[in-house]
Amino acid sequence: MTDPDSWDGWIEGGVDIAVPTAANWEDPAETQDLLEQWDRWLTEDDRLIAVNEPSDFDRFPVPGKLGVIIHFQNTLPLGDDLANYERFHQQGLRMVQICYNRTNLVGDGCLEPGDGPLTSFGREVIKEMNRLGMVVDLSHTGRRTTFDAMRASSTPPVFSHSNPLALCKNRRNIDDEQIRAVADLGGLVGINAYPAFLKQGGKGATVSDLVDHIDYLVDLIGPDQVGLGLDFCETSPETHAEMIASGEWSIEDYPDDSGTYPIGLETPAQIPNITRELVKRGYPSDAMVGILGQNWIDLFKRVWSA
């Protein structure tokens, strides 16, 4: 989503609204530059529409247009100054993942062996996010920190792109207790398309494997709290090697021979293959509408209006 050349593929795939990751590990000054770039794209590129308020959803679908909700996959870009949360919220930030695999000022990531708690600063962060109406995202976050965050949040949190651990033993996936807990709070779990999170080792993962994860979640928490969090990204072999070398990824959890996308979902233009598989499995139309996007819209409206 950070490559303008990819946007037509999303539109071709029938996507009305996407949630790009605007920042991960940058400092606040670098993040400011990234948000200004997104503002230029949203202002100057006639394919894009900013989605910042509950009423913005009423504009869709718009043929040939793609709505954009700004997301950070870490709290590092916001630094240690709570004022940055309001500043970046004013620039369109609407969802923040509190950790990315490793420890930060807020808590522990899911690849940390210590499984530490939400910090005191992390509690202040979640309180400020709740005040602003930002969605609290718990993907990539350590188990203990996720439960602490769920107890601290006054609005429904989400696992934006995490899969059931019961179907694939990967530290990026989440267990049934986490899934039930976020559902009990009115939150949502988004299914991730990364092959190594769908099938052990990742090799040969397909759209059918992805929908197996949807089936599992629907059986566990019902269809109204399940969505898509496909995690399309422009990851080259060089980028993969850099992430392993940095320690942000581990070769066990992000194997280099698993592929980046499942068979039948190599590009966003193939997202209709998910719909076809849901139809094949007999999902009713209202459940499919929810899973394919309406559940996310309902969640955003609820949190942004809080």
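The values are calculated or read from the model by the stated rules, or taken from the named source; none is laboratory data. Owing to the predicted nature of the structure, the values given are computational and were not obtained by experimental measurement. Quick reminder, even Gly has a Cβ in these numbers, built from the backbone with ideal geometry, and neighbours come from all protein chains shown. Surface areas here come from the heavy atoms of the whole protein model, side chains and all, with no ligands, DNA or RNA. Shrake-Rupley method; radii C 1.70, N 1.55, O 1.52, S 1.80 Å.
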Quiz prompt | Choice from ILE291, ILE244, ILE11 showing the highest fluctuation, given a GNM over the chain with Cα pairs closer than 10 Å | solution = ILE244
Self-check item: Using θ = phi - 60° and Karplus 6.51 cos²θ - 1.76 cosθ + 1.60, couplings along the stretch 26-31 (whole Hz; Gly, Pro as x)
Solution: 5, 7, x, 5, 5, 5
Quiz item: What number comes out for the charge environment of ASN104, summing +1 per Lys or Arg and -1 per Asp or Glu over other residues with Cβ under 12 Å away?
Solution: -3
Quiz item: Restricting attention to the alpha-carbon atoms of the stretch 180-306, what are Rg (one decimal) and Dmax (integer), both in Å?
Solution: 15.7, 45
Practice problem: Would you kindly calculate the mean projected area, averaged across all directions, of the convex hull enclosing the Cα atoms of the stretch 87-174, in square nanometres? | Solution: 5.5 nm²
Exercise. Per residue of the stretch 46-60, in order, report the coupling 6.51 cos²θ - 1.76 cosθ + 1.60 (Karplus, θ = phi - 60°) as ³J(HN,Hα) in whole Hz, putting x for Gly and Pro.
Key: 6, 7, 9, 10, 5, 10, 10, 10, x, 5, 4, 5, 5, 7, 9
Quiz item: With labels modelled as points extended 7 Å from the Cα through the Cβ direction, what inter-label distance (nm, one decimal) is found for ASP45 paired with THR2?
Solution: 1.3 nm
Quiz item: Non-local amide H neighbours of ALA18 (under 5 Å, H modeled in plane, Pro and chain starts lacking H): which ones?
Solution: GLY67, VAL68, ILE69
Quiz item: Kirkwood-based Rg over Rh for the chain (C-alpha set), two decimals?
Solution: 0.93
Practice problem: Please figure out what share of the DSSP beta bridges in the stretch 30-188 is antiparallel and state it in percent, rounded to the nearest 5. | Solution: 15 percent
Exercise. Using DSSP, restrict attention to beta bridges with both residues in the chain and report what percent are antiparallel, rounded to the nearest 5.
Key: 10 percent
Quiz prompt | Spin-label pair LYS280/THR267, simplified geometry with 7 Å Cα→Cβ offset, distance in nm | solution = 2.1 nm
Practice problem: Per DSSP H run of n ≥ 4, the term is -39500 (n - 2.57); total these for the chain, divide by its residue number, and report the mean residue ellipticity at 222 nm rounded to 500 deg cm²/dmol. | Solution: -11000 deg cm²/dmol
Quiz item: Which of the residue pairs LYS199/LYS280; LYS169/LYS280; LYS65/LYS280; LYS65/LYS301; LYS65/LYS169 have a Cα-Cα distance greater than 31 Å in the structure shown?
Solution: LYS65/LYS169
Practice problem: Arrange the residues THR206, THR43, THR141 by how much accessible surface each exposes, largest first, with a 1.4 angstrom probe. | Solution: THR43, THR206, THR141
Quiz prompt | Euclidean distance between Cα centres, the stretch 63-123 to the stretch 185-215, Å | solution = 23 Å
Quiz prompt | Extended-chain gain in nm, criterion 0.36 nm per residue less alpha-carbon gap, GLN90 and SER120 | solution = 8.3 nm
